[in-house]
1. Somewhere in the range 468-477, is a residue in the same structural domain as A356 (by TED's automatic domain parsing), among the β-branched types (V, I, T), without any contact (Cβ under 8 Å) to a residue 40 or more places away in the chain and surrounded by 14 or more Cβ atoms within 10 Å (Cβ to Cβ)?
2. When the range 419-441 is examined, which residues are found to be in a loop (DSSP other than H, G, I, E, B) and either free of Cβ contacts under 8 Å to residues at least 60 places away in the same chain or surrounded by fewer than 17 Cβ atoms within 10 Å (Cβ to Cβ) (or both)?
3. Name, by its number, the condition in (1) under 60 Å from the mean Cα position of the chain (by Cα); (2) of a type outside the set (S, T, N, Q); (3) modelled with pLDDT of 75 or more that does not hold for A98.
4. I need every pair where a residue in the range 21-43 that is within 16 Å of V158 (Cα to Cα) has its Cβ under 6 Å from the Cβ of a residue that is among the aromatic types (F, W, Y) and in a helix (DSSP H, G or I), sequence separation at least 6 or different chains.
5. Take G90 and decide whether it is surrounded by 12 or more Cβ atoms within 10 Å (Cβ to Cβ) and modelled with pLDDT under 80.
6. Which one of these is surrounded by 12 or more Cβ atoms within 10 Å (Cβ to Cβ), closer than 26 Å to L27 by Cα and either touching a helix residue (DSSP H, G or I) at 6+ places or on another chain (Cβ under 6 Å) or without any contact (Cβ under 8 Å) to a residue 12 or more places away in the chain (or both): V206, V160?
7. Kindly provide the set of residues from the range 380-393 that are within 19 Å of F329 (Cβ to Cβ) and in a helix (DSSP H, G or I), ordered by number.
Amino acid sequence: MERSQPMRAASPGLRSEVLLSLGLVMLLATIALVAVFVTHHEASLERVLGRSLLAEAAHPAAPFEAVVSGTEWWSLGADGRARTRGPVAGEIDEKTLALAERARTDGEPLLQLGKLGGQIRFAAPLANGGVAMARLPEHASFQLRSAPLTVVATLGIVNVAIFTAFGSWLLRRRLIIPLEEVARAAVAIGQGEEEARAPEEGPQEVAAVGRSLNEMTEALQERSGELEKAVTDLRGANRELRRTREGLDRAERLASVGRLAAGVAHEVGNPIGAMLAFIDLAARDAGLGEESQEHLRRAGSEGERVRIILRQLLDFSRPGRPTRRPMDFAEIARETLVLVSAGRRHHHIAFSQSDAGELPLVSADPSTVTQVLLNLLLNAADAIGDREGGRVELILRAAPLTVRPEESHDGALGRTHLDAVECLVCDDGCGIPEKDRERIFDPFYTTKPPGQGTGLGLANSARLAEDLGGVLECVTPPKGFATAMALRLPMAERVEKREVREPPVGMTLA
């Protein structure tokens, strides 16, 4: 069971990360700037406001309230009693009195700004030994501080906005777009587009990434080509090894069959001939009844069957070399089909032939081709048996002579270069079990009941097809059929060209 990899959370894009990081840095820098500005402003405010309040405290008779309206003034005498100064003065608080005592003790004016929105207090020693005290209203803190803070905040927001917009545009133009092009090129390379290349433009680092990706792609393509060539060579070597092994196996089987056929012909042939002669003599006796005559006829028929089997064995062990010449494959197939369909035992089978247009001539021996097709058609008819409505069809079309192990039969038909003509013998009979497909061309292997088949028909047919330079194999049947045997013979034009290119040993072409 395949283990699933843990899902990784999608990370934000590079632009988002960079802008977020730079925005955070800009915000911190703005905060630091605001802090510096506020500190400077507080120091300036303390200095300016202190001078103004000190100048106002120097007019004990009538404070002019030049700083902030509503400022409350008191004076603290040398006797420690607090008195009001000016038209506006409420109850003096403890914090103001404490600030006045500190100013008397230190001998210098003191200003206490407090928090934003809080009250501002002032105390300054007087020449008569007293202390002038002032308490600004609460709105003074906002009035004196809010305007500069508003300006600073607005400036910070504008800075962050401008920085973000310009940074986004600059990042997209100089970094994001080049990286996206590199990513698209990487995807195209991953999908197998051999001409895809990453752009080598943009910033130095991005161009270096694209250049490295292109170098890696070229190296991978070179190695892939070497691997494909090695795999192709290995497959070819494997095919040759399989063919050599099959050839050796077949040669061994044929040698065994040859020895067996010679022994059978020697040991059985002569006695069978003598038996048939005696049966023929006995059948001429006029005194035999009809039943005896029938028995002798059947005995002669079975003896003739044995002799035919012996002849097939001898033909298999000592095959003759066929004479090849250009011939019309479709015409030979049509004549053989008429010959088989005319038999009385095949009247319930529908025989037909379909040709894919005008087909080229093939190089073969007509009698040998007829023998192979006759075997295939009889096998197809036997597979249907006595079932009514059976169908046998011959399909002739151009095809490749050989089908590579890694491709299907139908896939091979789609090649551009076709060098053979194929006759497909199809039937809707019982079919061939998958486990028997590799053995049907072995000598003496048959799925028919004893006495109905010798197992030499397909073996002889495969050998004859090979002698003609062709191929006989079992292929996937078309829709509606159970079995299909394909006989492919080389085109005559291809054979003639090959013979011209390859002269016999010891001869030269003028």
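1. no
2. Taking the range 419-441 and keeping what is in a loop (DSSP other than H, G, I, E, B), we get 419, 428-433, 437-441.
D428, G429, C430, G431, I432, P433, R437, E438, R439, I440, F441, listed by residue number.
3. So A98 meets the others, but not (1).
4. If the second residue must be among the aromatic types (F, W, Y) and in a helix (DSSP H, G or I), the pairs left are M26/F163.
5. Working: surrounded by 12 or more Cβ atoms within 10 Å (Cβ to Cβ): no; modelled with pLDDT under 80: yes.
When the stated conditions are applied, G90 does not pass them.
6. Only one candidate passes the filter, namely V160.
7. First, pick out the residues of the range 380-393 that are within 19 Å of F329 (Cβ to Cβ): 380, 392-393.
Once the filter is applied, which keeps residues that are within 19 Å of F329 (Cβ to Cβ) and in a helix (DSSP H, G or I), the range 380-393 yields only A380.
Table: residues versus (1) free of Cβ contacts under 8 Å to residues at least 40 places away in the same chain; (2) in the same structural domain as P477 (by TED's automatic domain parsing); (3) within 46 Å of the chain's Cα centre (by Cα).
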| site | (1), (2), (3) |
| --- | --- |
| H346 | yes, yes, no |
| L359 | no, yes, yes |
| A364 | no, yes, yes |
| L373 | no, yes, yes |
| A380 | no, yes, yes |
| G389 | no, yes, no |
| E393 | no, yes, yes |
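The values are calculated or read from the model by the stated rules, or taken from the named source; none is laboratory data. Since this is a predicted model, take the numbers as computed values, not measurements. In this analysis, Cβ positions are derived from the backbone assuming ideal geometry, glycine residues included, and neighbour counts consider all displayed protein chains.
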